[in-house]
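K.L.:
Let me begin by handing over the structure; questions about it come next.
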Amino acid sequence: MNQNFLKSKDIAIIAYGETKLERRSGKSPYELAAQVASELLSKTNLRPQDIDGFATNNTLSDCSNPFYSNFCVESLGITPRWLQTTDIGGCSPIGNVARASAAIMAGMCEVVMLINSDSPSTKLGQSYGGFRSEFLEPTGIQGPPGAFGLLMNRYIEKYDLKFEALGKLAVAQREGAILNPNAYEKNRFSISIEDYLNSRMVSSPLRLLDSVMFCDGANGLIITSTSKARKLKSKKMVYPVSYSEITNFNSMSMTPDIVETGFSVVGPEALEKASMSTSDICMFHPYDDFLIAEMLQLEQIGFCRPGEGSDFLLDRDISYRGGLPINTGGGQISAGQPGLAGGGLNLVEGVRQMFGEAGQRQVKKTDNAMVTGIGVIPYGRNWGSSSVLIIES
Amino acid sequence: MNQIRHKSAIFPKPSILTQPFWNAAKEKKLVIQYDPDTDSYQWWPKSISIKTGKMNLQWREVSGFGTLYSYTVTHVPAHGFEDKGQYLIGLVELDVGVRILSFLSGISQENVKIGMHLRVTWEQLNDEINMFMFESRDTGI
């Protein structure tokens with residue numbers, strides 16, 4: 001597992017694109033994808049016929065269509081020789097960076113358009129079978145907030161959780177959203193730690209301001225070989241240098257410690273593959289469906305020890321000005337969660353920062369970025385998939 | 001039997017795989033899949049043993065006793081649970097070594113505690129389905 005096909009920087013990310021996040025936009029994921037595709041092609045001077053690989057996420061809004069990726073490329077005028085739909089929830093976008101890199105290196109395609117698009121605040125099409133409709137939903141549990149409420153109480157049983165630390169994270173991300181023109185407009189006002197602590201309970205101890213809100217939106221990248229990027233005279237390039245992913249972590253145990261997640265495996269592994277330690281990381285863009293998930297990632301990737309996430313957050317400046325900037329664009333929690341495209345939000349922010357194009361929220365040190373993904377709510381555990389991507393300049 | 005939920009709630013729909021579980025539930029018996037090759041139980045129902053990959057599984061009646069591993073107080077009710085106000089959902093560790101998600105019946109926010117002793121109880125949803133819940137095994141709560 002420690003073989004690292006990305007280490008030699010043979011793969012480059014040469015452009016990013018993103019729509020503004022909106023609530024109930026009335027747009028389909030195809031319309032939002034087109035907006036990002038147009039931006040990506042314009043930035044790279046490529047035409048649709050120059051794209052020979054296409055990767056995307058499954059959507060919440062059009063998942064009843066079993067041929068989503070096919071409809072998507074037809075709507076964009078792209079004829080891929082490699083086409084990939086990935087359905088590991090919030091891990092799909094960074095998972096697709098790795099899958100696209102592998103496909104390029106295997107010679108299946110040369111220039112990949114990665115599009116993450118979804119409009120769940122306009123339309124929801126999902127219907128869960130299996131354990132979810134028979135043994136989970138009938139209990140009365142309130143979806144993901146219920147699962148994270150169980151997780152938080154178990155964390156509190158094991159460790160000292162300081163809610164003001166989660167509040168500090170909420171406030172820092174909100175500051176990023178205010179400075180991010182693509183953030184959901186109605187979220188672009190400042191909040192205080194008191195506002196976080198006073199926000200209403202959803203599935204206690206989980207509060208409203210612990211949580212994401214569905215928006216409509218899309219984002220994407222152009223990924224190609226470094227040699228092709230040079231031929232295209234790409235002005236800006238960053239390189240995915242390490243990726244690790246795990247699904248169904250700890251599955252052999254019927255009674256696992258639910259505080260321990262797949263990040264305890266993929267975090268250290270991704271760092272080792274890149275020959276880096278956490279102190280080398282210039283900025284951290286963790287998947288943020290709920291604030292506690294970010295704290296667990298800090299602990300289990302190794303930024304601090306288990307149980308010390310609260311003090312770690314309280315002890316440092318985590319804004320774009322600080323030593324370890326976290327989710328500088330507001331993250332999903334403050335900028336809005338574009339459904340299953342959400343894992344691409346912090347990915348694109350990481351690339352934007354590394355390109356030096358983050359405007360008023362630009363971080364100073366941009367040698368690298370760590371981006372993560374979390375996917376899917378399983379039965380009585382923390383989450384289904386965990387993944388870590390490291391990008392270097 | 002105190003009705004917890006409305007008909008608008010999501011009711012379990014048995015499959016060929018899970019019908020034995022719901023048949024036992026009708027008689028207020030809790031059965032869990034048992035793997036004789038590893039002498040262990042697994043929950044939720046699956047077609048194979050996740051430890052051996054073999055399809056050699058049995059349904060065994062268990063005591064229905066367990067302890068509370070974690071809980072959450074639901075402030076925004078799921079569909080069909082609107083009349084319950086705030087209610088508790090628990091992750092219950094059964095004495096046979098599996099965890100089961102469940103509505104917690106008759107336990108207040110003041111009295112709930114991780115590690116508390118629980119036992120299974122049943123809510124009749126219709127002629128076909130008795131839904132499992134857990135209640136305190138200690139007196140006076």
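Rule-based calculations on the coordinates, nothing more; no lab input. Note that this is a predicted model, so its numbers are computed, not measured. Cβ atoms come from the backbone with ideal geometry, glycine included; neighbour counts cover every protein chain shown.
K.L.:
When the helix-only estimate is applied to chain B (DSSP H runs of n ≥ 4, each -39,500 (n - 2.57), divided by the residue count), what is the mean residue ellipticity at 222 nm, nearest 500 deg cm²/dmol? Don't skip to the answer; put the middle values down first.
P.N.:
Working: 1 runs with 8 residues, N = 141.
-1500 deg cm²/dmol, from helical runs alone.
K.L.:
Would you mind working out the magnitude of the charge dipole of the protein assembly as shown relative to its Cα centre, with +1 at each Lys and Arg C-beta and -1 at each Asp and Glu C-beta, to the nearest 20 Debye?
P.N.:
Values: 51 positive and 56 negative charges, 214 e Å.
Dipole size: approximately 1020 debye.
K.L.:
Which three extents, in angstrom, do the Cα atoms of segment A:67-202 have along their principal axes, listed largest first?
P.N.:
So the three principal-axis extents are 52, 44, 32 Å.
K.L.:
Now a separate question. Using the alpha-carbon centroid of each, what span in Å lies between segment A:1-50 and segment A:216-239?
P.N.:
Cα centroid of segment A:1-50 versus Cα centroid of segment A:216-239: 9 Å apart.
K.L.:
Now, a different point. Can you give me the C-alpha center-to-center distance between segment A:247-266 and segment A:267-310, rounded to a whole angstrom?
P.N.:
Segment A:247-266 and segment A:267-310 have Cα centres spaced 16 Å from each other.
K.L.:
Can you compute log10 of I(q)/I(0) for segment A:160-277 with the Debye formula, treating each Cα as one identical point scatterer, at q = 0.19, 0.23 Å⁻¹?
P.N.:
Each listed q maps to, in turn, -1.16, -1.17.
K.L.:
Evaluated at 4 °C with a viscosity of 1.567 mPa s, what Stokes-Einstein diffusion coefficient in µm²/s does segment A:326-393 have when Rh comes from the Kirkwood expression over alpha-carbon pairs? Spell out each step's value before the answer.
P.N.:
On the way: Rh = 13.0 Å.
The diffusion coefficient I find is 100 µm²/s.
K.L.:
Cα convex hull of segment A:249-393: how many Å³ per residue?
P.N.:
Details: hull volume 15.3 nm³, N = 145.
Taking the convex hull of the Cα positions in segment A:249-393, it is 105 Å³ per residue.
K.L.:
Tell me, rounded to the nearest percent, the portion of alpha carbon pairs in chain A spaced more than 40 Å apart. If you can, show how the numbers build up before the last one.
P.N.:
Details: 6512 of 77028 pairs.
Everything past 40 Å amounts to 8 percent.
K.L.:
Using only alpha-carbon positions, what ratio does the radius of gyration of segment A:1-131 give when scaled by 2.2 N^0.38 Å?
P.N.:
Details: Rg = 15.2 Å, N = 131, 2.2 N^0.38 = 14.0 Å.
That ratio works out to 1.08.
K.L.:
Residue-wise, which Karplus ³J(HN,Hα) couplings in Hz belong to segment B:28-36, taking 6.51 cos²θ - 1.76 cosθ + 1.60, θ = phi - 60°, and x for glycine or proline?
P.N.:
In residue order, the calculated couplings are 6, 10, 9, 10, 10, 5, 10, 10, x Hz.
K.L.:
Once you list every other residue whose beta carbon is under 13 Å from the beta carbon of A:Glu294, what net charge do they have if Lys and Arg are +1 and Asp and Glu are -1? Intermediate results must be reported in sequence, preceding the final value.
P.N.:
On the way: positive: A:Lys168; negative: A:Asp210, A:Asp288, A:Asp289, A:Glu299.
Its environment carries a net charge of -3.
K.L.:
Say the cut-off is 18 Å between C-alpha atoms; which of B:Lys26/B:Lys46; A:Lys20/A:Lys168; A:Lys20/A:Lys186; B:Lys7/B:Lys84; A:Lys43/A:Lys231; A:Lys9/A:Lys236 go over it?
P.N.:
Values: B:Lys26/B:Lys46 20 Å; A:Lys20/A:Lys168 25 Å; A:Lys20/A:Lys186 12 Å; B:Lys7/B:Lys84 14 Å; A:Lys43/A:Lys231 15 Å; A:Lys9/A:Lys236 14 Å.
Where the Cα-Cα span goes over 18 Å, the pairs concerned are B:Lys26/B:Lys46; A:Lys20/A:Lys168.
K.L.:
Evaluate the charge dipole of segment A:306-393 about its Cα centre and quote only its size in Debye, nearest 20, assuming +1 on the Cβ of each Lys and Arg and -1 on the Cβ of each Asp and Glu. Intermediate values should be presented prior to the final figure.
P.N.:
Values: 7 positive and 8 negative charges, 35 e Å.
For this selection, approximately 160 debye.
K.L.:
Among all the aspartates and glutamates, which ones have a C-alpha under 19 Å from A:Lys158's C-alpha, if same-chain residues fewer than 8 places away are not counted?
P.N.:
Partners found: A:Asp257, A:Glu260, A:Glu294, A:Glu299, A:Glu308, A:Asp311, B:Glu93.
K.L.:
Please list, ordered by chain and number, the residues whose modelled amide H lies under 5 Å from the amide H of B:Ser70; skip anything fewer than 5 residues away on the same chain.
P.N.:
Under 5 Å from the amide H of B:Ser70: B:Leu91.
K.L.:
Which Cα, out of B:Ile100, B:Pro77, B:Met55, lies furthest along the positive dipole direction of segment B:19-136 (beta carbon charges, K/R +1, D/E -1)?
P.N.:
B:Met55
K.L.:
I'd like the per residue volume of the convex hull spanned by the Cα atoms of segment B:19-136, given in cubic angstrom. Don't skip to the answer; put the middle values down first.
P.N.:
Values: hull volume 13.4 nm³, N = 118.
Cα-based convex hull of segment B:19-136, divided per residue, equals 113 Å³.
K.L.:
Over the Cα atoms of segment A:35-106, what radius of gyration and what Dmax do you get, in Å?
P.N.:
That works out to 12.4, 34 Å for Rg and Dmax.
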